[in-house]
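Undergrad: Here it is, the structure in full.
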Amino acid sequence: MPDIPWSTPTPAAPDAEVYVMASRFETESLTGALRFFLKSPGIIGQIRKAPGAHGVALRARVFSRTFLTLSAWEDRDALYRFARSEPHRSSSKSAAAYMKESGFTFWTVPASELPISWAEAERRLAEQKSGY
C-alpha cells in the first residue's frame, strides 16, 4: 500500500523548536488493518488543517498490519489539542478494539531538521520499545 508522504501544513519559523511525535500501530487482524488504513486519509486531512501542525506522514504496511505515523507540531499543547478533537478522538477510541500493540515517542528538533526521516522515527520507536 502506498505511504502518505510528508506534507507541511504550516511551515515553522526557521529558528523554532518543534515537537515531534512518532507512533507505531499494529492491528490484531487484516480487517483491523483495513479499517485503520481507510480512516487514515481523514485523520491526515485533519492534521493538515490543525492549528500548530508543521508536518505529517504515514507509512502503511497493511498486509503486515503495521502503521507508522510521524508528525511535527508547534508544541506539545498543539498535538494534544489535535488528539482530543474530532474525528481523531473517536477514531482512536474505536481503533482500540482491533489494536494489538501501539507505541509512541516524542522529542524536539530545530525546525530546520524537518522533515524527519523514517529511519530516525523507527530508531526512536525501537529505543522506546526496548526501554532505553
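Only the coordinates and a few stated rules stand behind these numbers; no lab work does. If you're wondering where the values come from, they're calculated on a predicted model, not measured in any experiment. So basically every Cβ, Gly included, is an ideal-geometry build from the backbone, and we count neighbours across all protein chains shown.
Undergrad: How are the Cα pair distances of segment 12-132 distributed, in percent, across 10 Å bins from 0?
TA: Answer for segment 12-132: a P(r) of 14, 44, 35, 6, 0 percent.
Undergrad: If you don't mind, there's one more thing I want to ask. Tell me the GluC sites (Glu not before Pro) within segment 1-41 that lie in a loop according to DSSP and have at most 14 other beta-carbon atoms within 10 Å. It would help to have the intermediate numbers written out before the result.
TA: Numbers: sites: 17, 26, 28; in loops: 28.
The qualifying sites are 28.
Undergrad: Let me ask you something else. State, as an integer percentage, the relative contact order of segment 1-58 based on alpha-carbon contacts under 8 Å between residues 6 or more apart.
TA: 66 percent.
Undergrad: Straight-line reach only, C-alpha to C-alpha below 20 angstrom: list the aspartates and glutamates that residue 129 could link to, leaving out same-chain residues fewer than 8 apart.
TA: Reachable aspartates and glutamates: 26, 28, 101, 120.
Undergrad: Within straight cross-link reach of residue 49, meaning Cα distance under 17 Å, which aspartates and glutamates are found once same-chain residues fewer than 8 apart are removed?
TA: 74, 75, 77, 86
Undergrad: Sticking with this one: Check cross-link reach from residue 93 to the lysines: straight Cα distance under 17 Å, and skip same-chain residues fewer than eight apart.
TA: Output for residue 93: 39.
Undergrad: I would also like to ask the following. Once you put a point 7 Å from the Cα of residue 104 and another 7 Å from the Cα of residue 38, both along the Cβ direction, what distance in nm separates them?
TA: 2.6 nm
Undergrad: Please get the size of the charge dipole for segment 26-132, origin at its Cα centre, with Cβ charges of +1 on Lys and Arg and -1 on Asp and Glu, quoted in debye to the nearest 20.
TA: Roughly 380 debye for segment 26-132.
Undergrad: Sequence gap at least 6, Cα distance under 8 Å: using those rules, report the relative contact order of segment 3-132 to the nearest whole percent.
TA: Here the relative contact order equals 38 percent.
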